[in-house]
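Take a look at the structure set out below.
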Amino acid sequence: QPRWSSCLSTPPRMRKDVRILLVGEPNVGKTSLIMSLVSEEFPEVVPYRAEEITIPADVTPERVPTHIVDYSEAEQTDEQLFQEISKANVICIVYSVNNKKSIEKVTSHWIPLITENTDKDSRVPLILVGNKSDLVEHSSMETILPIMNQNSEIETCVECSAKNLKNISELFYYAQKAVLHPTGPLYCPEKKDMKPLCVKALTRIFKVSDLNNDGILNDNELNFFQRTCFNTPLEPQALEDVKNVVRKNLNDGVCDNGLTLKGFLFLHTLFIQRGRHETTWTVLRRFGYDDDLELNQDYLFPPLKIPPDCTTELNHNAYLFLQSVFDKHDKDRDCALSPDELKDLFDVFPYMPWGPDVNNTVCTNDQGWITYQGYLSQWTLTTYLDVQRCLEYLGYLGYSIIAEQESQASGITVTRDKRIDLQKKQTQRNVFRCNVFGDTGSGKSGFLQAFLGRNLMRQKTIREEHRSYYAISTTYVYGQEKYLLLHEVFPDFDYLSDADVACDIVCLVYDISNPYSFEYCAKVFKQYFMDSKTPCMMIAAKSDLPEIKQMYGFSPLEFCRRHKMPPPQSFTCNTAAAPSRDIYTKLTTMAMYPHVSQADLKNSTFWLRMSVGATVFAVLGFAMYRVLLKPR
């Protein structure tokens with residue numbers, strides 16, 4: 001049998017220890033089996049019951065501490081037996097091959113008793129142990145096989161002899177293996193096929209490993225997979241042997257000299273049928289699966305410490321990985337993901353993570369498909385707003401495996417405390433949040449959508465249920481590409497917490513054609529931002545309409561002057577072409593340099609000084625990033 005791996009390593013996230021319980025009729029040799037294993041010789045004096053023994057990890061084949069527990073009807077009550085059954089990870093039912101009554105008791109007493117005292121949802125594997133094989137010439141297998149076929153929880157049957165030490169170490173190895181690499185979750189003996197959850201998990205693993213998304217694993221992909229799971233590449237001949245086994249058994253298992261999904265699943269079925277299910281478990285555990293074939297919570301949510309006043313961004317490695325995922329699924333090379341391409345990309349997720357609102361949060365093409373820029377923007381938004389969700393999503397895509405990183409957390413940059421940025425008067429942040437305030441009907445939604453290049457006519461096609469209260473895209477501030485995240489704040493709030501108002505810049509939007517619109521902006525500013533260090537910008541929206549005097553004590557211009565804000569910025573999205581993006585560049589600039597006064601922002605010397613610094617940054621950092629990321 002060609003081996004998928006020549007070196008099976010201990011799978012990650014394996015169980016910490018194994019508890020083996022031996023039960024059976026009196027005098028079948030349970031205690032002798034344990035004592036023969038420990039002393040490597042048959043005991044002359046056998047007590048009623050052996051004390052619980054622990055075999056250290058370094059002397060077990062699977063490198064896991066193993067506890068072996070004996071049972072004696074003479075020394076223990078039924079209640080004690082039931083407690084031991086509930087604690088056991090695997091139960092060995094011992095019978096004597098020369099005692100028919102002890103064999104009959106396996107089905108009439110022991111299997112029903114164990115079933116009654118174990119949780120139905122967490123099936124405990126059973127091993128049938130035929131002891132005293134030295135006393136008979138024949139095998140008990142003819143009697144035992146029908147019992148195995150009728151009880152799927154029985155992993156295997158071992159015939160052994162405590163007296164001449166035959167198969168003693170094998171017995172406990174199989175017991176360990178039944179816990180660490182159980183057949184039950186993987187395979188259905190009645191159907192002679194893998195179970196649906198196992199097929200689903202292996203299908204995801206195949207798709208993650210199919211780096212060019214052509215539906216087959218070529219030699220490079222197979223070798224990467226082999227190295228990832230087993231820490232060793234396959235020799236070219238071994239690779240051919242594996243493919244030849246598939247070719248002989250399956251018409252469409254190999255295509256263009258690569259392994260198809262059908263071939264991949266067939267190989268794992270073969271491993272399981274031949275008792276090599278540890279190979280399949282090694283693969284499953286490497287890709288994050290637990291014993292129930294669900295993705296492990298430790299895998300999906302690795303620890304990530306985020307101190308107060310710090311934000312989360314994707315780093316260079318994560319962007320490169322996400323670019324490769326985009327390239328893999330953008331089959332028509334149009335730099336946008338069609339609905340089918342997006343569905344294919346998220347096929348490795350247990351659910352569709354992006355709803356229709358995402359198309360109104362990021363840039364799309366004329367067909368409404370998410371562009372490359374929009375795709376990266378949405379990932380940036382998720383990382384900023386909900387980093388735990390981002391870690392989960394990267395986990396589904398196999399980031400730590402494909403990017404060869406310890407976990408998804410290595411793809412995240414936690415920025416330094418904003419107060420330090422203010423003290424040092426510079427920031428390394430790449431994502432800036434702008435909270436947009438304004439009364440109902442003031443034009444906030446239009447302001448968000450205009451950032452994505454949509455004029456009023458195009459905005460009218462957006463359905464209310466697909467509306468988004470976020471918009472994110474890139475702006476350039478003196479050669480540096482930065483993300484600006486706009487968040488529309490509901491106008492009907494009673495009170496805003498510190499978390500609600502936390503942002504890098506505030507946008508106050510009023511409708512110049514509505515005389516009562518400005519009053520709301522003035523109230524919000526005075527209540528929440530007058531004494532804060534957060535820069536604010538007043539937006540005079542709907543500037544294509546006739547301006548009407550605002551019913552407030554000061555004009556908007558005078559109000560801004562009194563509170564040392566820039567003058568109100570005229571804005572309209574009622575344009576023939578895409579609305580102007582100048583205002584968004586100004587907002588990002590103010591967010592990047594909150595310590596700079598308005599006078600300085602207008603000063604050419606300041607901009608010359610900043611542009612020199614930005615150029616140095618761009619040459620050393622950003623330009624390199626763009627080269628590696630392939631500009632689109």
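The values are calculated or read from the model by the stated rules, or taken from the named source; none is laboratory data. Here the structure is a predicted model, which means the values were calculated and not measured. FYI the Cβ positions are ideal-geometry reconstructions off the backbone, even for glycines, and counts take in every protein chain you see. In case anyone asks, the SASA skips ligands and DNA or RNA and just uses the protein heavy atoms, side chains included. Shrake-Rupley method; radii C 1.70, N 1.55, O 1.52, S 1.80 Å.
Determine how large the accessible area of GLU488 is when every protein chain is in place; take a 1.4 Å probe and give Å² rounded to the nearest 10.
10
How long is the gain from ASP582 to LYS120 if the chain were fully straight, where each residue apart is worth 0.36 nm and the alpha carbon distance is subtracted? Let's see the in-between values first.
Working: separation 462, 0.36 × 462 = 166.32 nm, distance 6.43 nm.
Length gained between ASP582 and LYS120: 159.9 nm.
So how much accessible area does THR312 have, in Å² to the nearest 10, using a 1.4 Å probe?
Surface open to solvent at THR312 totals about 10 Å².
Do any of LYS87/LYS195; LYS132/LYS192; LYS192/LYS262; LYS16/LYS305 go past 20 Å between their Cα atoms, and which?
LYS87/LYS195; LYS132/LYS192; LYS16/LYS305
For Cα extents along the principal axes in Å, one of [x] 118, 61, 48; [y] 109, 50, 42; [z] 107, 57, 44 was computed from the structure I shared and the rest are decoys. Which label?
Derived directly from the coordinates: [z].
Quote the accessible area belonging to THR589 in square angstrom, nearest 10, computed with a 1.4 Å probe and with ligands, DNA and RNA left uncounted.
About 10 Å², rounded to the nearest 10.
Grab the DSSP H runs of the chain that are 4 residues or longer, score each as -39,500 (n - 2.57), total them, divide by all residues and round the 222 nm result to the nearest 500 deg cm²/dmol.
So the calculated ellipticity at 222 nm is -11000 deg cm²/dmol.
Could you provide, to the nearest whole Å², the per residue accessible area of the range 310-415 with probe 1.4 Å? Display every interim value, and only then the final one.
On the way: 3770 Å² over 106 residues.
With the other protein chains kept in place, the range 310-415 gives 36 Å² per residue.
Out of the range 396-494, which chymotrypsin sites (Phe, Trp or Tyr not before Pro) are coil in DSSP terms and have no more than 14 other C-beta atoms within 10 Å?
When the chymotrypsin sites (Phe, Trp or Tyr not before Pro) of the range 396-494 are filtered for loop state and at most 14 Cβ neighbours within 10 Å, PHE493 remain.
Could I have the simple spin-label model distance between VAL414 and THR461, label points 7 Å from Cα toward Cβ, reported in nm to one decimal?
Label-label distance for VAL414 and THR461, simple model: 4.4 nm.
Which FRET efficiency value, to the nearest 0.05, do you get for ASN244 and ILE306 by plugging their Cβ-Cβ distance into 1/(1 + (r/R0)^6) with R0 = 60 Å?
Numbers: r = 51 Å, r/R0 = 0.86.
Efficiency for this residue pair is about 0.70.
Rank ASP504, ASP344 by accessible area, highest first, at a 1.4 Å probe radius?
From most exposed to least exposed: ASP344, ASP504.
Does anyone have the angle between helix 372-385 and the longest principal axis of the chain? Alpha-carbon axes, 0 to 90°, nearest 10?
Here the helix axis deviates by roughly 80 degrees.
Express the carbon and sulfur contribution to the solvent-accessible surface of the range 479-576 as a percent, rounded to the nearest whole number, probe 1.4 angstrom.
Carbon and sulfur together cover 52 percent of it.
With all protein chains present, how much of the accessible area of the range 310-415 (probe radius 1.4 Å) comes from carbon and sulfur, to the nearest whole percent?
Taking all protein chains in place, the range 310-415 shows 47 percent carbon and sulfur surface.
Using a probe of 1.4 angstrom, how much of the accessible area of the range 18-180 is carbon and sulfur, in percent?
Values: 3810 of 8150 Å².
Reported share for carbon and sulfur atoms: 47 percent.
Write down the accessible area per residue of the range 429-592 in Å², having rolled a 1.4 Å probe over the full set of protein chains.
Numbers: 7490 Å² over 164 residues.
Accessible area per residue: 46 Å².
Quick one: order VAL129, VAL124, VAL199 from most to least accessible surface, probe 1.4 Å.
Descending order: VAL199, VAL124, VAL129.
At 0.36 nm per residue, minus the direct Cα-Cα distance, what do PHE493 and GLN527 gain on full extension? Give it in nm, one decimal, please.
Once the chain is fully extended between PHE493 and GLN527, it gains 11.0 nm.
With every protein chain present, what is the per residue accessible area of the range 18-180 (1.4 Å probe, Å²)?
50
Leaving ligands and nucleic acids out of the surface, order MET592, MET457, MET352 by accessible area at 1.4 Å, largest first.
Listed by decreasing accessible area, they come as MET457, MET352, MET592.
Cross-link candidates for LYS526: which lysines have Cα within less than 30 Å, leaving aside residues fewer than 8 places away along the same chain?
LYS418, LYS424, LYS425, LYS444, LYS482, LYS542, LYS549, LYS564, LYS586, LYS602
Looking at the range 424-501, which trypsin sites (Lys or Arg not before Pro) are DSSP coil and have at most 12 other C-beta atoms within 10 Å of their C-beta? Before the final figure, lay out the partial values.
Details: sites: LYS424, LYS425, ARG429, ARG433, LYS444, ARG454, ARG458, LYS460, ARG463, ARG467, LYS482; in loops: LYS425, ARG429, ARG454, LYS460, ARG463, ARG467.
Counting only loop positions with at most 12 other Cβ atoms within 10 Å, the trypsin sites (Lys or Arg not before Pro) in the range 424-501 are LYS425, LYS460, ARG463.
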